1. For the list (1) open to solvent by 40 Å² or more (accessible area, probe 1.4 Å); (2) touching an Asp or Glu at 6+ places or on another chain (Cβ under 9 Å); (3) of a type in the set (Val, Ile, Thr), I need the number of the one condition that B:Ile69 fails.
2. Can you name the number of the only condition in (1) open to solvent by 40 Å² or more (accessible area, probe 1.4 Å); (2) touching a residue at least 12 places away in the same chain (Cβ under 8 Å) that A:Glu233 fails?
3. Taking B:Val280 as meeting all but one of (1) in a helix (DSSP H, G or I); (2) facing chain A (nearest Cβ under 9 Å); (3) open to solvent by less than 50 Å² (accessible area, probe 1.4 Å), write down the number of the exception.
4. Please report, ordered by residue number, the helices (runs of 4 or more DSSP H) entirely within the stretch A:105-204 with at least 3 residues that are within 14 Å of another protein chain (Cβ to nearest Cβ).
5. Looking at A:Pro297 and the list (1) touching a residue at least 24 places away in the same chain (Cβ under 8 Å); (2) open to solvent by 20 Å² or more (accessible area, probe 1.4 Å); (3) more than 16 Å from A:Glu42 (Cβ to Cβ), which single condition is not satisfied?
6. Taking helices (runs of 4 or more DSSP H) that fall entirely within the stretch B:101-197, which contain at least 2 residues that are more than 14 Å from chain A (Cβ to nearest Cβ) and more than 24 Å from the chain's Cα centre (by Cα)?
7. Can you tell me which of (1) open to solvent by less than 10 Å² (accessible area, probe 1.4 Å); (2) at the interface with another protein chain (Cβ under 10 Å from one of its Cβ atoms) is the one B:Arg200 doesn't meet?
Amino acid sequence: MLLEVNELVKHFPLPGRNRFVRAVNGVSFAAAPGQTFGLVGESGCGKSTLARLIVRLYRETAGTIRFGGRDITALGRRGLKEFRRQAQMVFQDPYASLNPRMTVRSTLIDPLRVYRVGTAREREKRVAELLGLVGLDERYGPRYPHEFSGGQRQRIGIARALALNPRLIVLDEPVSALDVSVQAQILNLLVDLRERLGLTYLFISHDLGVVEYMCDHIGVMYLGCIVEKGTREDIFQKRRHPYTQALLSAVPAPGGAVGEQIILGGDPPSPADPPAGCYFSPRCPQAEDICRREKPPLKTLSATHTAACHLI
Amino acid sequence: MKNNAAPLLEIKDLSVSFRTESGRVSVVRDVNLTLAAGEIIGLVGESGSGKSVLSFAVMGLLPPGSGFIDSGEILFAGRNLPALSRREMSGVRGREISMIFQEPMTSLNPVYSIGAQLDEVFVNHGDRDRKANRKRSIKLLERVGIPRAAEIARSYPHQLSGGMRQRVMIAMAMALSPKLLIADEPTTALDVTIQAQILRLIEQMARENGTAVIFISHNLGVIAQLCDVVAVMYSSQIVEITGAERLYQSPAHPYTKSLLECVPQIGMSGKRLNSIEGTVPHPGDEISGCRFAPRCGEAEGRCREQAPELRRLAEGVCCRCWKR
């Protein structure tokens, strides 16, 4: 396993005593090299916090993250710098994640400079190579971000993430801000790059169609927890958790949704004040007394498939 | 396209342009659309295709001084809306046509309570009995499925979730039982489980009141599920009008076809996604011939020279393409 996350917790303090936003509540999963692990869930479920914990933009409250067998939660400055060479991130908003005052060339050269990779000439060569990799013309180097469309900017963001030949790329909603025709271009590019460069992706999205297209293994998150986890087939064909079932049935599709549509009532509860027992119980159409009392254990359904529900 | 009764809304050869620093930019070109009472029509297209501008034109909300209707008519229940005075138009808005927007946070006033904003709708249309207005407001909130409606009426927009705020917007839009509701990407900012609730609500409100709906979205799945008829827009034109169930089964226009193939559908993993090369032209770009030709896989000489018209292909199907 390239990435192993174990019982990871992140609580953000709120004003007042003992009040926290419980953004991530004991999440465990692992991603094998060359594969794409997908995290799917609605807004506020903690998927972006999880991404930021993994690339060490946040410090965890508890738990461990192993990368290539090493615990990276204890890394010092030096170790962190080395880790970040191997783990990069692509952000959702291609308008906010590029520095408007830096040319494409300097955006791409920056990481090379920071890590003292190559000579000046080699770096220039690398910039041209990176632009080629993501399907942009190498003459775009001297241009500024505002001269590009959203899709082109996202290509620049991907090129920047590739600059140092990382092993892991964390993609946080990389196509959500793009129009569908452009979205397809970027998804195809990501699939090609993964194969050509042997990359491992952690792919975060709220769009189930996109997640199914991209991911080998998937974790479904609700209120800071992974409620169901498995291979693509486990989640899309053999889903067992009532939340996964409702989520999938809510996806609009021609001629009605996949299977019987389950309309959940209400909104997800606040992560600052989660309900007792199973966090999904207040909205769960099948909830029983035990669900409102006790937190459900993670049940193993097959070698690859687990779900946290009392009723399974 | 029901031809039996006189349509509720008939848009004829409508063109809209904006005045910009670099001259006039045509954002809606020769749009023809009819909508019967109780019908739900979907307007689908990517950003910049002109779908929102079209709806603003119907509402009479084009920015004064910069947005202009160059030609065409918008006939609503027999009256040509652009020809109405401002006063007459404000009588139409709210009472006969109302609108809900994408961002339920910015569409509500943060410093007034939910109840006060709902009451205002009745006040503006002449009902001044405060107690009766509040009662009606609470009833409306109940109808859109808001629990503890009396309590919510006293709260402020920031205290509600996105889904709840969108319900309030729908309540406000339905307050005076309009004949036409324009919904501009009303679920785009919402999570899928909340989106499902809101779609069901819009459908229910439309069916119960016989309200016609123009539903604008970039999401083909949402459109296909909710609407009776779909109009596909590309670069300021309608390129196809078809039945919602036909949209997926037999799309007519090459753009519609490619667009459908771009969307990863659950159950099709492993297949490579189609993508449309290039980008949407700028609305101001004058393109000789078909506006989709530069990106179209089927384009031939004629497509690049002569602009195709929207032609009727079959009952309920219109398409703007030389090759159909």
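The values are calculated or read from the model by the stated rules, or taken from the named source; none is laboratory data. Everything quoted here is computed from the prediction, not taken from an experiment. Note: ideal-geometry Cβ built from the backbone for every residue, glycine included; neighbour counts use all protein chains shown. What goes into the accessible areas is simple: the full protein's heavy atoms, side chains included, and nothing from ligands, DNA or RNA. Shrake-Rupley method; radii C 1.70, N 1.55, O 1.52, S 1.80 Å.
1. (2)
2. Unmet condition: (2).
3. (1)
4. Numbers: elements: A:120-133, A:150-162, A:180-197.
Of the helices (runs of 4 or more DSSP H) lying wholly inside the stretch A:105-204, those with at least 3 residues that are within 14 Å of another protein chain (Cβ to nearest Cβ) span A:150-162, A:180-197.
5. Against the list (1) touching a residue at least 24 places away in the same chain (Cβ under 8 Å); (2) open to solvent by 20 Å² or more (accessible area, probe 1.4 Å); (3) more than 16 Å from A:Glu42 (Cβ to Cβ), A:Pro297 comes up short only on (1).
6. Values: elements: B:104-107, B:114-124, B:130-143, B:149-153, B:162-174.
Output list reads B:114-124, B:130-143, B:149-153.
7. Against the list (1) open to solvent by less than 10 Å² (accessible area, probe 1.4 Å); (2) at the interface with another protein chain (Cβ under 10 Å from one of its Cβ atoms), B:Arg200 comes up short only on (1).
A quick yes/no check of all residues on (1) more than 12 Å from every other protein chain (Cβ to nearest Cβ); (2) among the hydrophobic types (A, V, I, L, M, F, W, C); (3) in a strand (DSSP E or B); (4) surrounded by fewer than 21 Cβ atoms within 10 Å (Cβ to Cβ):
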position: A:Val211; (1), (2), (3), (4): no, yes, no, no
position: A:Ile218; (1), (2), (3), (4): no, yes, yes, no
position: A:Val227; (1), (2), (3), (4): yes, yes, yes, no
position: A:Lys238; (1), (2), (3), (4): yes, no, no, yes
position: A:Gln245; (1), (2), (3), (4): no, no, no, yes
position: A:Leu248; (1), (2), (3), (4): no, yes, no, no
